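For reference, the structure discussed in these notes is given below.
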Amino acid sequence: MAGIFDRIAGASGADDTELTVESMALDEGMDDEQPLMSAAIQFDERRTPQRVREAVQEMLKYGLLEESHKPNLYRSALANIEAVDTILEPLDLAMGIDEVRGLVFVTVRQGEVAEQDDWSHPLVRRQRLNLEQSLLIAILRQQFIAYEQESGTGASQALVAVDELIPQLQVYLGELGSEAKERNRIITLLDQLKGHGLVSALDAHDRVIIRPIITHLANPENLQALVVWLREQVKGATTPAAAAEEDEA
């Protein structure tokens, strides 16, 4: 029969054994976690640098980065052109650069997809403009180019007033019959173009700033063709009336 000291010694040995087993299990668990930690570290090392990710996210959110508004992200994009293009390429997008005006912007890649007549990039479909919007863009673009010719390329305070735009739009779209309707038409169109990042919000004097990105939004040849077509439509609409007046005379 074991005495009290034998029982204490036996209990102590059992405790030591349990501690050893627990210690071994703990070590094995740590060994299992090591590969996971290493994989996580390797994944972090492979990730695109944070500033580049932020620059691309900003570009995809607004379509562009302006040096005057986001100088740090703008510089990050310019310093990592290859990395940015690598991110955009699977989306059939690319980065346009206009260092003179301090712009980097998202463009739709041309080439392989150009041959697919039944396909257009989702970004293009989402940003399609109607006739009135396209006409106003052509007018604003002409205003901006004239401003740059006077103030120098890269100047970014091209102001235009609503009252200046009304008669220019009337030449192509005709008159609505009241000044209030004319102003509402222009203000509505400007608000729509503001959503595309082409103009600022109206200020207290009913003026907007034309944003430099307008120079890259549309192909100049296409805009010129639009203006020519609209002029022809205006001539076609006025000629019959003039002829009728001559017949009455």
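Taken together, the values in this text are just the output of simple stated rules run on the coordinates, not laboratory data. Just so it is clear, the structure is predicted and the values come from calculations on it, not from any experiment.
In table form, for the structure just shown:
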| item | result |
| --- | --- |
| Extension gain, Leu131 back to Ile166 (0.36 nm per residue minus Cα-Cα distance, nm) | 11.0 nm |
| Stretchable slack from Thr48 to Ala201, in nm (0.36 nm times residue separation minus alpha-carbon distance) | 51.6 nm |
